[in-house]
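For reference, the structure is listed below as structure tokens.
The values are calculated or read from the model by the stated rules, or taken from the named source; none is laboratory data. For clarity, every value in this text was computed on a predicted model and none was experimentally measured. Ligands, DNA and RNA are stripped out before the accessible areas are found, and what is left, the full protein with its side chains, is counted by its heavy atoms. Shrake-Rupley method; radii C 1.70, N 1.55, O 1.52, S 1.80 Å.
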Amino acid sequence: MGRRARRRATQGDPAVTQPEGAPEQAAPSRSEAKNTAARSRLAPLAEGERPRAVTVGAIVAALFGAVNAGLWLVGLDIRGQRPSVLALVFSVLLLVTAWGMWRARYWAVLAFQVLLALTLISVALPVVTSANALQALVFVAVVLVPGGALFWFLVKAMARIQMPERR
């Protein structure tokens, strides 16, 4: 039965009838079956437990947030200009997400992933497009690979954080 026919059948169209003995709900797709299998392998967090990736993310966010705020407060000039208040706001956001990740909060991990992705993209584009090949290679090895790996490992950690307790 096609998509339109199923839609009409579920909306009560008399022109389309379900065969007798047919299940009312279609079998789950392959991707949904894989998702269900992956969820069943995840163990919920114990009381006070924090995934390793979330701990690393909290430390990275706290370190970069504190250093960035400190540099802004002392008035360090970057390329001959004082950083805007936006740099301080970014630092505060990093510190808030660090606190939330230390407490293993889903919202904090998600917010940190957004900040991490935006930072990696905004820093990588100018470096990769304007740097020589050696500088770009070093940047990729030192910044993009570890940042991307942290992002990747935080995805599974978020799944464990949002899991309900099994009874």
Checklist entry - Quick one: how many Å² of Thr119 are accessible to a 1.4 Å probe, rounded to 10? => result 50
Item to check | Carbon and sulfur %, accessible surface of the stretch 66-107 computed with the full protein complex present, 1.4 Å | outcome: 69
Next on the checklist: Keeping every protein chain present and rolling a 1.4 Å probe, give me the accessible area per residue for the stretch 16-119 in Å².
Outcome noted: 70
Checklist outcome for this item: Over the Cα atoms of the stretch 44-167 the radius of gyration and the largest Cα-Cα distance (Dmax), both in Å, equal 16.4, 59
Checklist entry - How much accessible area does Met158 have with a 1.4 Å probe, in Å² rounded to the nearest 10? => result 20
